[in-house]
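> Sharing a structure with you now.
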Amino acid sequence: MSNLFRDRSPYSWSFRVGSGRRVLDLPLTAWLTVIWILLWGTLSWANLVNGVIVAVCLCLAFPLPAVDLGLRLRPLGILRLTVYLLYDMFSSSVEVTRQIFAKGPYPAAVVAVPLRVRSDLMLTATAVAVSNVPGGSVIEVRRSTATLFLHVLDADDPGEIESAQRSVWRMEELVARAFGTAEDIALAAQPVPEGDPSP
């Protein structure tokens, strides 16, 4: 049997050393290499190679357990999410600016949006992505039911509330296609949940 084998995470490998195991986590190795280069203050081939060597030695000398966070990096999905976020930020900024200069009060409400993907990583990433868009304030995240609670303006317009919910579900699907597992993507493609849980 080989001494080098893959763990559950696609970004880590384990080495069998005697009766023990040493985990080599690629994201951690990359991050330690970046810190090494920043400490030296010069980007050069020597610092890069030395940084990788030091990072690998640290990972093997002080092993951490291999944990699969459910994170998958999908370049095409990340690109689509980025483009959608930029578009959503621009259009939402225009809408918020229009509301600032328009007359009349805008009744606000808190809207519950149940998500289809229930993993902690997808719940957090979706909440962060929605919060980055102007006018899309997440005021609470309920982990037990995988529900986001949003502050929505123009709450007297049912179409505005439905639009806010659809926007969150679209963001959830894009986040799953950018960073989720195959199971997360399949869940995000399911029909949206019926009914809103009460706050």
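> Which order do the peptides 27-38, 161-172 take when ranked by the mean count of other beta-carbon atoms within 10 Å per residue, highest first?
Output ranking for 27-38, 161-172: 161-172, 27-38.
> Report the equivalent ellipsoid semi-axes for segment 49-167 in whole Å, largest first, defined as the square roots of five times the eigenvalues of the gyration tensor built from alpha carbon atoms.
38, 18, 12
> In a shell of Cβ-Cβ distance under 15 Å around R118, excluding R118 itself, what net charge do Lys and Arg (+1) and Asp and Glu (-1) give?
Working: positive: R116, R142, R143; negative: D120, E172, E173, E183, D184.
Summing Lys/Arg as +1 and Asp/Glu as -1 gives -2.
> DSSP loop (so not H, G, I, E, B), at most 10 other Cβ within 10 Å: list which trypsin sites (Lys or Arg not before Pro) in segment 97-127 pass both filters.
Passing sites in segment 97-127 are K103.
> Moving to a separate point now. Can you give me the long-range amide H partners of S137? Hydrogens built in the peptide plane at 1.01 Å from N, cutoff under 5 Å, separation of 5 or more residues or another chain.
H151
Each reported figure results from applying straightforward, stated rules to the coordinates on display, with no laboratory input. These numbers were taken from a predicted model, which means no experiment stands behind them. Cβ coordinates were reconstructed from backbone atoms using ideal geometry, including for glycine residues, and neighbour counts include every protein chain displayed.
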